[in-house]
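Below is one structure, written out as C-alpha cells; comments come after it.
The values are calculated or read from the model by the stated rules, or taken from the named source; none is laboratory data. Computed from a predicted model, the values in this text were never measured in an experiment. All Cβ positions, glycine included, derive from the backbone under ideal geometry; neighbour counts span all protein chains shown.
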Amino acid sequence: MLRSVLFRLHWILGLTAGLVLVVVALTGALMSYEEAIGDWADHDRAFVAVQTTPRLGPEALIAHVEAQRPGAKVNTVTLSSDPARSARIRFAVADKNGARPPSSYLDPYDGRYLGAPRLEAAFATIRDLHRWLLLPGEGKGWGRTITGASAVALLVFLGTGLYLRWPKIHSWRIWLKPNLGRLGRPRWWSLHTIAGTWLLPVYAVIALSGLWWSYDWYRDAATWVLTGEGPRAKPARTAVRGKEPPALDRAWATFQAGEGRDATLAILTVPNPDAATIRIRYQLGASRLRNEVTFDSATGARVSAARDADKALGRRMADNMLEVHRGRFFGDAIAFVFFAASLLMPLLAASGLVLYVLRRRAARRRARVTSAGIGPAQGLEA
C-alpha cells in the first residue's frame, strides 16, 4: 500500500511540477555562467588596452558617468585588479516602477563610456523566469509560490524515487550502472533511476538552498541550523551630518593599502545620504566568496572587516547561499557538476514521462484483454 501511494505521488508530481522544474533548471544553468557569457559577449567593451597612466578612482569614474548619463544615480562601482578589465557602473532604481538604467562599462584610465552590457536585459528576464516564472507580482506573487513549491516537489521526488528503487540486493552495479541492453520500459526505467541516483546529492543541495529565497521561515530555520543564531537584524541607519559627498576615494585608498592588496574584484556600494558607512565587497583569488569591509562615509577610515576565511563553515554557507546554490561554494569542478545536473533535468523529466506513457499503454492493453474475456492462459496462447 505504501509503495503504491508513493508511486502515484511520484508520477502525479512529475506531471504537474516537472515542467516548472525543467524551466527553473535550464534558466539556472544559464545563470551559473552569466559572468563568463557576459565577458564573451562584451569582449570589446569589458576589456581595454592597458595604459601606463594610473587608473581613475571611484569619485572620478562616477563624475564621468554622471556627466554622460544625466539624472542617473550610481549604485555600485565594480573594479578589478586586472589592468585590462573595464570598470562597471550599476545604477540605482530610477523610478517607483522599479526601472533601472542599463549598467555602463567605463574605461578605467580616462572614464570614457564604452557601452552597456549586451546581455544584461536578457539575463534579467532569465532571472525573473527562474525566480517567479515571469508571473505578475514578482517576488510577492504566485510565481514565487509556484517555484518554491516546485523545490519542495523536487525533494519529494528524490525521497520517493529512492524508496521506489531501493533494491533487495545491494551492489554498486545495481545502484550506479545503467542496463541499456534491455528493451522497452526496463531500459527507460534503468536510465531514469540510475541518472536520478547519480544526481540525487546535487539536486538535494539545489532544492534545499533554493528554498532559502522561497520562505522566510525556512531561511530563519536554516540560518539557525547552520549558525546556531537567529536571523540578523538590519543595522539601524545613522544620519550623516552635513551634505558633503561620501569619501569614496579615501575609503578606496585605505582599502587598497589594506585588505584590497590581494583582491581580484571589488564592488563599492555608493551610500545613500543618510548612510554612515561605505561598503566594499571583494573577492580573493579565483574564489567567488565575498569578503566585506566598511568605511566611515565622512572620513574614509575603516570601520569593520569580515573575511570569509575567518568564519565558521555554517556562517560561510549562510552568508554565501547563492554560491552554495550554484555549486561555486565547493569549487569550480563541483560548480560544473551542478551546471551539468541542471542541464540533465529535461532528460529525467522526459524519461519519466516516457515511463508513464508506456505504463498507461500496458494498462490499456490489459484492460482490453480483460474486457474481451480472455484469461491469462488464453492470452498467453494467443
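The single condition from (1) over 30 Å from GLN68 (Cα atoms); (2) without any contact (Cβ under 8 Å) to a residue 24 or more places away in the chain; (3) within 21 Å of the chain's Cα centre (by Cα) that GLY181 fails is (3). On the basis of being assigned by TED's automatic domain parsing to the domain that holds GLY28, under 30 Å from GLU66 (Cβ atoms), of a type outside the set (A, V, I, L, M, F, W, C) and buried (at least 16 other Cβ atoms within 10 Å of the Cβ), does ASP128 make the cut? Answer is yes for this residue. For residues that are touching a helix residue (DSSP H, G or I) at 6+ places or on another chain (Cβ under 6 Å) and in contact (Cβ under 8 Å) with a residue 40 or more places away in the chain, scanning just the range 267-298, find the one that is nearest to ASP319 (Cα to Cα). Ranking the candidates gives LEU289 first.
Each residue in the range 162-182 was checked for being surrounded by 11 or more Cβ atoms within 10 Å (Cβ to Cβ), of a type outside the set (A, V, I, L, M, F, W, C) and part of a loop (DSSP other than H, G, I, E, B), and 5 pass.
Looking at the range 28-39, is at least one residue outside any loop (DSSP other than H, G, I, E, B), under 18 Å from ILE89 (Cα atoms) and touching an Asp or Glu at 6+ places or on another chain (Cβ under 7 Å)? Within the range 28-39, not a single residue is outside any loop (DSSP other than H, G, I, E, B), under 18 Å from ILE89 (Cα atoms) and touching an Asp or Glu at 6+ places or on another chain (Cβ under 7 Å). None of VAL48, VAL5, VAL20, VAL77 is modelled with pLDDT of 95 or more, β-branched (Val, Ile, Thr) and within 30 Å of ARG360 (Cβ to Cβ) except VAL20. Criterion applied to LEU343, LEU322 was being within 17 Å of ALA286 (Cα to Cα) and either among the hydroxyl-bearing types (Ser, Thr, Tyr) or surrounded by fewer than 19 Cβ atoms within 10 Å (Cβ to Cβ) (or both), and the one residue passing it is LEU322. Residues in the range 29-39: is at least one farther than 23 Å from ILE280 by Cβ, of a type in the set (Ser, Thr, Tyr) and surrounded by 18 or more Cβ atoms within 10 Å (Cβ to Cβ)? Looking for residues that are farther than 23 Å from ILE280 by Cβ, of a type in the set (Ser, Thr, Tyr) and surrounded by 18 or more Cβ atoms within 10 Å (Cβ to Cβ), one finds at least one in the range 29-39, hence yes.
You will find that of TRP198, TRP212, TRP188, the residue that is in contact with a Leu (Cβ under 6 Å, 6 or more places away or on another chain) and either modelled with pLDDT of 80 or more or basic (Lys, Arg) (or both) is TRP188 and no other. For the range 173-209, a residue qualifies if it is among the polar types (S, T, N, Q) and within 18 Å of PHE338 (Cα to Cα), and the qualifying residues are THR197, SER209. You will find that of ALA25, ALA60, ALA46, the residue that is surrounded by 15 or more Cβ atoms within 10 Å (Cβ to Cβ), farther than 30 Å from TYR113 by Cβ and in contact (Cβ under 8 Å) with a residue 40 or more places away in the chain is ALA25 and no other.
Answer with yes or no whether TRP11 is closer than 25 Å to SER80 by Cβ, assigned to a helix (DSSP H, G or I) and either in contact with a helix residue (DSSP H, G or I) (Cβ under 8 Å, 6 or more places away or on another chain) or at pLDDT 95 or above (or both). No.
Taken over the range 303-319, the criterion of being touching a Ser or Thr at 6+ places or on another chain (Cβ under 7 Å) and either buried (at least 18 other Cβ atoms within 10 Å of the Cβ) or not in a strand (DSSP E or B) (or both) is satisfied by GLY314, ARG315, ALA318.
Taken over the range 94-121, residues that are in contact (Cβ under 8 Å) with a residue 12 or more places away in the chain and in a loop (DSSP other than H, G, I, E, B) amount to 14.
Candidates in the range 68-115 are the residues that are basic (Lys, Arg) and over 21 Å from ASP262 (Cα atoms); of these, the one that is surrounded by the fewest Cβ atoms within 10 Å (Cβ to Cβ) is LYS96. I want to confirm something. Restricting to the range 250-282 and keeping residues that are surrounded by 17 or more Cβ atoms within 10 Å (Cβ to Cβ) and assigned to a helix (DSSP H, G or I), which single residue is modelled with the lowest pLDDT? Of everything passing the filter in the range 250-282, GLU259 is modelled with the lowest pLDDT.
Here SER214 clears all of (1) polar (S, T, N, Q); (2) surrounded by 13 or more Cβ atoms within 10 Å (Cβ to Cβ); (3) over 22 Å from MET31 (Cα atoms) except the condition numbered (3). Screening PRO83 on (1) assigned to a helix (DSSP H, G or I); (2) touching a residue at least 12 places away in the same chain (Cβ under 8 Å) shows it passes everything except condition (1). Checked against (1) aromatic (Phe, Trp, Tyr); (2) free of Cβ contacts under 8 Å to residues at least 12 places away in the same chain; (3) not in a loop (DSSP other than H, G, I, E, B), PHE157 passes all but condition (2).
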